[in-house]
Amino acid sequence: MKIVIVGYGPGGAAAALAARTFDPRAEIDLVTEEEIPAHKKPGSALALEDPDTQELYIPDWSTEVLAAKKVQIHSGTSVVGGDLSKKTLDLVSADDQTSTVKFDRLIIATGGIPAVPDLPGVDLPGVHTIQSMADTSQIGRVLKDQRSIVIVGAGFSGLETAERLLKMGKDVHIVIRSRLMRKQLEESMSEELLSRVPKRIHLHLGSAPSRVLGSDRAVGIEVGGKEIAADSVLFMTGVRPNTILAEKLGLKLGSLGGIPVNSRMETESSGVFAVGDCVEMTDPLSGGPILMPVGSTAARAGRQAGVAAVGSDKIYDDTPLRLQYDHIFGTDIVVVGHSSTTARDLGIDFAVSYLEDPSESTKVALVTTEKDRLIGGQVLGSRMGSRIGYEILKRVETGAKLKEQPLLKSRHGQLLSLLERTLGPIR
Ligand SMILES: Cc1cc2nc3c(=O)[nH]c(=O)nc-3n(C[C@H](O)[C@H](O)[C@H](O)COP(=O)(O)OP(=O)(O)OC[C@H]3O[C@@H](n4cnc5c(N)ncnc54)[C@H](O)[C@@H]3O)c2cc1C
């Protein structure tokens, strides 16, 4: 059994390790065009400040760990095509050597491509996207001597980058077309987060940029008829699936532009799997297609594909679940499962309720179906965010109803159960 995995991000690395765990004898080859191993993109803005940082590597997915598990890594090598009927892939190495490799099972984990709006000036020098750590380190070197930076987009990575640049003493502008983390957060949660953004950051809300300013290099951006001068412009406007290889191999794309996969992460072509930012999964609740370019989802999908590729029927139910956590501007931000925006897009009937604990600067949004089943939640908190996020995750995973498992017990309720554990039933 020879398994070839294309991509060394969380999806590819997790697939290699899972396949090895379930099949000690399979031949596993991992091909990546990058020269560096899988790394954390959360926190990748750190490379702006410290371009040579080693902190973002993930020890469990290092080349040494994979080599010890007999996973053969071909770095600096691109897969440029192939033939699924013959089960072959065409490779080009960094020194332009071409070769063909045969596989029994293929796992495509080619990630995403930055989704940059098609505006005049976006190709000018001085316009950047942050995708890989190598990009970020390179941008860090360029930005070192610059003063003023515009970030377009206010998702996790845009805000993380803004925080890092502010720490580096830059003059930071953020351009936000609608509101902070529109897809992931409820409107009032966005407002709460907005109130926690340091006042030194210049926020430009409510308009999309119309062009990048400059003739031979970017000197700013035009937004809502207003010109914002800057030395660099960073587009942090999300990713779209990288399906270049899948299309060359003749795989059909789904309605959202990703590679459609079933719950085993198998594509329409038997024995060919796909995971991570390049795929379109099925939302278990509505049956609708979803894109989820999130590292933890890619890793879970990789695990599923690795296990399926070696012939196991095991299905992990949590694969398509969204889980994102970050700590930005002194606030824990946790997003689990559906928000009202993603639920609405899929035609799911939902209700949203809120919990607040002002003493802990904590605000929680809970998204439930009309039958009170918890399907998602968001937490903003000065601390304990991950703890509450975990409690939400547990309930979303088990399909719990909030009435049966309230998220936060009242102090009185906590005291009562403590007493009952010690003294027996009190009522
Ligand atoms: C700045 C930033 C911050 C982020 N923050 C978070 C966060 O806080 N939390 C979170 O969960 N997620 C975060 N993400 C998203 C997360 O990093 C991605 O969802 C995750 O990396 C996707 O993993 P993947 O395995 O699908 O692909 P990737 O990690 O993108 O890896 C793709 C791999 O495919 C290889 N490849 C592509 N095409 C070919 C080819 N033809 N031949 C050979 N190799 C090829 C590349 O070399 C690479 O190794 C962030 C992303 C960015 C950009």
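When only residues in the stretch 279-295 that are of a type in the set (A, V, I, L, M) and either within 10 Å of the ligand (Cβ to nearest atom) or in a strand (DSSP E or B) (or both) count, which is surrounded by the most Cβ atoms within 10 Å (Cβ to Cβ)? Per the criteria, the residue is VAL279.
Among strands (runs of 3 or more DSSP E) entirely within the stretch 1-89, having at least 3 residues that are near the ligand (Cβ under 10 Å from one of its atoms) and closer than 24 Å to ARG300 by Cα singles out 27-32. Starting from the stretch 264-289, keep only residues that are farther than 25 Å from TYR8 by Cβ, then list their pairs with residues that are within 15 Å of the ligand (Cβ to nearest atom) and among the β-branched types (Val, Ile, Thr) whose Cβ atoms are within a distance under 6 Å, requiring at least 6 positions of separation or different chains. Close Cβ pairs satisfying both conditions: ASP283/ILE290.
In this structure, is GLY250 at pLDDT below 95 and either hydroxyl-bearing (Ser, Thr, Tyr) or loosely packed, with under 15 Cβ neighbours inside 10 Å (or both)? So GLY250 does not fit the description; no.
Screening TYR57 on (1) without any contact (Cβ under 8 Å) to a residue 40 or more places away in the chain; (2) under 26 Å from the mean Cα position of the chain (by Cα); (3) under 22 Å from GLY311 (Cα atoms) shows it passes everything except condition (3). Within the stretch 244-260, the set of residues being under 21 Å from the mean Cα position of the chain (by Cα) and either outside any loop (DSSP other than H, G, I, E, B) or assigned by TED's automatic domain parsing to the domain that holds ALA154 (or both) comprises ILE244, LEU245, ALA246, ILE259, PRO260. Any residue at all in the stretch 136-144 that is farther than 23 Å from GLY385 by Cα, under 19 Å from the mean Cα position of the chain (by Cα) and modelled with pLDDT under 95? The answer is yes, given that some residue of the stretch 136-144 is farther than 23 Å from GLY385 by Cα, under 19 Å from the mean Cα position of the chain (by Cα) and modelled with pLDDT under 95.
Within the stretch 215-230, being part of a loop (DSSP other than H, G, I, E, B) and out of contact with any strand residue (DSSP E or B) (no Cβ under 7 Å at 6 or more places or on another chain) holds for SER215, ASP216, ARG217, GLY224, GLY225.
Let's see how each residue does on (1) under 25 Å from ARG373 (Cβ atoms); (2) more than 17 Å from the chain's Cα centre (by Cα); (3) not in a strand (DSSP E or B):
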{"site": "ASN262", "(1), (2), (3)": "yes, yes, yes"}
{"site": "SER270", "(1), (2), (3)": "no, yes, yes"}
{"site": "ASP277", "(1), (2), (3)": "no, no, yes"}
{"site": "THR297", "(1), (2), (3)": "yes, no, yes"}
{"site": "ALA305", "(1), (2), (3)": "no, yes, yes"}
{"site": "GLY311", "(1), (2), (3)": "no, yes, yes"}
{"site": "THR319", "(1), (2), (3)": "yes, no, yes"}
{"site": "TYR325", "(1), (2), (3)": "yes, no, no"}
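Determine whether the stretch 193-213 contains at least one residue that is within 16 Å of the ligand (Cβ to nearest atom), more than 25 Å from PRO120 (Cβ to Cβ) and in a loop (DSSP other than H, G, I, E, B). Looking for residues that are within 16 Å of the ligand (Cβ to nearest atom), more than 25 Å from PRO120 (Cβ to Cβ) and in a loop (DSSP other than H, G, I, E, B), one finds none in the stretch 193-213, hence no. Of note, ILE149 satisfies the criterion of being over 30 Å from HIS338 (Cα atoms), within 16 Å of the ligand (Cβ to nearest atom) and not in a helix (DSSP H, G or I). The single condition among (1) of a type outside the set (D, E, K, R); (2) farther than 30 Å from PRO198 by Cβ; (3) surrounded by 15 or more Cβ atoms within 10 Å (Cβ to Cβ) that ALA351 does not satisfy is (3). Every condition in (1) over 26 Å from SER270 (Cα atoms); (2) aliphatic (A, V, I, L, M); (3) not assigned by TED's automatic domain parsing to the domain that holds ARG217 is met by LEU124 except one, and the failing one is (3). Working only within the stretch 296-313, note down all residues that are surrounded by fewer than 24 Cβ atoms within 10 Å (Cβ to Cβ) and free of Cβ contacts under 8 Å to residues at least 60 places away in the same chain. Selection gives ASP313 alone.
The values are calculated or read from the model by the stated rules, or taken from the named source; none is laboratory data. As the structure is a computational prediction, the values presented were derived from the model and not from experiment. Reconstructed Cβ throughout: ideal geometry from the backbone, glycine too, with neighbour counts over all protein chains shown.
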